[in-house]
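Below you'll find the structure, written out as structure tokens, and then a few comments.
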Amino acid sequence: MAGARALSVVQVVPELDSGGVERGTLEVAGALVDAGHRSLVISGGGRMVADLEAAGSEHLNWAIGRKSPLTWRFVPRLRRLLAQRRVDIL
């Protein structure tokens, strides 16, 4: 990435167990890391987390996949994370 600034990108998915969205998340994360960017994935965990981290991404285990109004409690936490980590793309 000569001359370009590295980006900090966060992906949020319910979990990383299996399926097309999850595989796509890992592919995007890997491409970001390969291009010299910082990749962070927030999910409720799952069996694909080890592959994600092995490819150079960071994972935060938040129980965000629940279909409940309580999920809104993550909004202040997410706002702090975005500011602290200087996230460019969510």
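The values are calculated or read from the model by the stated rules, or taken from the named source; none is laboratory data. Quick caveat: nothing in here was measured; it's all calculated off a predicted structure. In this analysis, Cβ positions are derived from the backbone assuming ideal geometry, glycine residues included, and neighbour counts consider all displayed protein chains. Areas reflect the complete protein model, heavy atoms only, side chains present, ligands, DNA and RNA absent. Shrake-Rupley method; radii C 1.70, N 1.55, O 1.52, S 1.80 Å.
Karplus-derived 3J(HN,Hα) values for region 50-61, using 6.51 cos²θ - 1.76 cosθ + 1.60 with θ = phi - 60°, are 4, 5, 4, 5, 4, 7, x, 8, 9, 10, 10, 8 Hz; glycine and proline are entered as x. A crude spin-label estimate for the pair Trp72 and Leu60, with each label 7 Å from Cα along the Cβ direction, gives 2.0 nm.
The share of accessible area on the chain that comes from carbon and sulfur is 54 percent, using a 1.4 angstrom probe. Helix 74-84 and the long axis of the chain differ in direction by around 20°, with both axes built from C-alpha atoms. Along its three principal directions, the equivalent ellipsoid of the chain from the Cα gyration tensor extends over semi-axes of 22, 18, 9 Å, largest first. Our summary gives the chain a relative contact order of 35 percent, counting only alpha carbon pairs under 8 angstrom and 6 or more residues apart.
Using just its DSSP H runs of length 4 or more, each adding -39500 (n - 2.57), the chain gives a mean residue ellipticity at 222 nm of -10500 deg cm²/dmol after division by all residues. Out of residues 5 or more away from Val12 or on other chains, whose amide H comes under 5 Å of its own, with H placed 1.01 Å from N in the peptide plane? When sequence neighbours closer than 5 places are left aside, the close amide H contacts are Ile42.
Projected label points at Val28 and Glu53, each 7 Å from Cα along the beta carbon direction, are separated by 2.2 nanometres. Using a probe of 1.4 angstrom and keeping all protein chains present, the accessible surface of region 14-90 works out to 64 square angstrom per residue.
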